[in-house]
Amino acid sequence: MHTLVVVTGGSAGLGAALLAAAPDAAYRVDVSRSGTAPDGGEHLALDLAEPADWARFDAQIHRLVADRDWDRVTMVHNAGTLEPIGFAGEVDPAAYTRNVLLNSAAPQVLGDAFLRAVAGLEVRRELVLISSGAATNARAGWSSYGAAKAAVDHWVRAVGKEQAQRGGTTVVAVAPGVVATAMQEQIRATADRDFPGVERFRRMHDEGTLLEPDVVAGRLWQLLDEPDVVTGTVTDLRGRA
């Protein structure tokens, strides 16, 4: 079986775990600013907070899809950032703009590129966007991040309806839970003034309740293999064995 797996932000954390846990013999592609080619695949050095690189991604995803006769094509958009953590109107405006571009705009633009690349293929096609509990739980200090994840969920629900009518690609959003990654280290190091809710995340770390990336990656791949997965849905992986 010829499987293509593309993961944005696949150089570390959950993204790296998703590539490592991908189906056997998959051709693995990491899309990130820095990194190396995963075993049995390649690395695309793109900065997805830069709109100019969105067009480069478009060309590359079309190249990859056309490269051979795939039996399955799966893309997981995992790339994201919390920076800058802090109150709107008080943080660095350039960093705030990058946050909005990477977290809110890029998922839609790259998702659109993927759907165009796989359109018409009579194979298993899946587009997964990584969401967050922040999509429905507003937190002071995470205005752009939370708004972006809410946008991701809405986009998936709308595009899922479109694909159900004509298209055939399974499009889902998945909230992985609180995962032990560098992003969590960044959160715990944030001053209370910039993120008043930080103590909850420090406590989770101290109590050992953070989820390991490889565990979450396995749950996500299992979800995609379930026969009743419905396009256009938003799923929370917390509580899934």
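Some observations on this one:
- Of the GluC sites (Glu not before Pro) in region 30-139, the ones in a loop by DSSP (not H, G, I, E or B) with at most 16 other beta carbons within 10 Å are 90, 122.
- Atom-type composition of the exposed protein surface of region 45-159 places 53 percent of the accessible area on carbon and sulfur (1.4 angstrom probe).
- With the gyration tensor restricted to C-alpha atoms of region 71-164, the semi-axes of the equivalent ellipsoid amount to 29, 13, 10 Å, longest first.
- 3J(HN,Hα) along region 184-198: 5, 4, 4, 4, 5, 8, 7, 5, 4, 5, 8, 9, x, x, 5 Hz, from the Karplus curve 6.51 cos²θ - 1.76 cosθ + 1.60 with θ = phi - 60°, whole Hz, x for Gly and Pro.
- Looking at the chain, the accessible area is 46 square angstrom per residue; that uses a 1.4 Å probe and ignores ligands, DNA and RNA.
- Cα-based equivalent ellipsoid of region 1-122: semi-axis lengths in Å, sorted from largest, via gyration tensor: 28, 16, 11
- Each residue of region 226-233 is assigned a 3J(HN,Hα), and the resulting list reads 6, x, 9, 5, 10, 5, x, 9 Hz, derived from the Karplus form 6.51 cos²θ - 1.76 cosθ + 1.60 (θ = phi - 60°), x at Gly and Pro.
- Rel. contact order, % - alpha carbon contacts under 8 angstrom, at least six apart, the chain: 19
- Overall, the chain carries a charge dipole of about 440 debye about its Cα centre when +1 sits on the Cβ of Lys and Arg and -1 on the Cβ of Asp and Glu, all other atoms neutral.
- Applying D = kT/(6 pi eta Rh) to region 90-216, where Rh is the Kirkwood radius over alpha-carbon pairs, T corresponds to 25 °C and eta to 0.890 mPa s, the Stokes-Einstein value obtained is 150 µm²/s.
- Signed unit charges on C-beta, dipole axis of region 61-194, positive-most listed residue 143, 114, 84: 114
- Estimated inter-spin distance, residue 202 and residue 55, nm [label 7 Å along Cα→Cβ]: 4.7
- Between the amide H of residue 236 and those of 175, distances stay under 5 Å, these residues lying 5 or more places away or on another chain, with hydrogens modeled in the peptide plane.
- Table column - 3J(HN,Hα) (Hz), region 136-148, Karplus curve with 6.51, -1.76, 1.60, x for Gly and Pro: 10, 10, 5, 10, 4, x, 10, 4, 6, 5, x, 4, 5
- Unit Cα scatterers, Debye sum, the chain: log10 I(q)/I(0) for q = 0.07, 0.11, 0.15, 0.16 Å⁻¹: -0.22, -0.54, -1.03, -1.18
The values are calculated or read from the model by the stated rules, or taken from the named source; none is laboratory data. In this text the structure is predicted, and so the values were computed from the model without any measurement. No Cβ is skipped: glycine too gets one built from the backbone with ideal geometry, and neighbour counts run over all protein chains shown. Ligands, DNA and RNA are stripped out before the accessible areas are found, and what is left, the full protein with its side chains, is counted by its heavy atoms. Shrake-Rupley method; radii C 1.70, N 1.55, O 1.52, S 1.80 Å.
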